[in-house]
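These notes concern the structure reproduced below.
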Amino acid sequence: FMTNLTLTTPLEVWEDGSIRVKNSRVTLDVIAGQFKTGATAEQIQEDFPSLNLREIYAVLAFYLEQTGFVEDYLKGQK
């Protein structure tokens, strides 16, 4: 069988340069910040019930795969 092994990241860049979860106002900053302080995906979802776990886990996977990029982005947001 064949399957697509490429993950899609539910993130988009807004006109103001912020990176947010598609179809929401939740920023990468907030999710990464909570994750870095020890929050689980389920705990993040409690704070942002408009997001589903798949979106949160995909954002966390993006953070873990692209930590250098995300950390540089976060420094630029301050």
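The values are calculated or read from the model by the stated rules, or taken from the named source; none is laboratory data. What you see is a predicted model, and the numbers here were worked out from it, not measured in a lab. Virtual Cβ from ideal backbone geometry, glycine too; neighbours counted across all protein chains shown. Each accessible area value is taken on the protein alone, full model and side chains, heavy atoms only, with ligands, DNA and RNA left out. Shrake-Rupley method; radii C 1.70, N 1.55, O 1.52, S 1.80 Å.
Of all the residues that make up the range 22-54, how many are among the charged types (D, E, K, R) and touching a helix residue (DSSP H, G or I) at 6+ places or on another chain (Cβ under 9 Å)?
Number of matching residues: 5.
Of the residues in the range 43-76, how many are open to solvent by 80 Å² or more (accessible area, probe 1.4 Å) and not hydrophobic (A, V, I, L, M, F, W, C)?
Qualifying residue count, the range 43-76: 11.
I need the full set of residues from the range 7-22 which are open to solvent by less than 40 Å² (accessible area, probe 1.4 Å) and polar (S, T, N, Q), in order please.
SER18
This table checks each residue for (1) polar (S, T, N, Q); (2) under 18 Å from LYS75 (Cβ atoms).
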{"residue": "ASN4", "(1), (2)": "yes, no"}
{"residue": "GLU15", "(1), (2)": "no, no"}
{"residue": "SER18", "(1), (2)": "yes, yes"}
{"residue": "LYS22", "(1), (2)": "no, no"}
{"residue": "ALA32", "(1), (2)": "no, yes"}
{"residue": "THR40", "(1), (2)": "yes, no"}
{"residue": "GLN45", "(1), (2)": "yes, no"}
{"residue": "ASN52", "(1), (2)": "yes, no"}
{"residue": "GLU55", "(1), (2)": "no, no"}
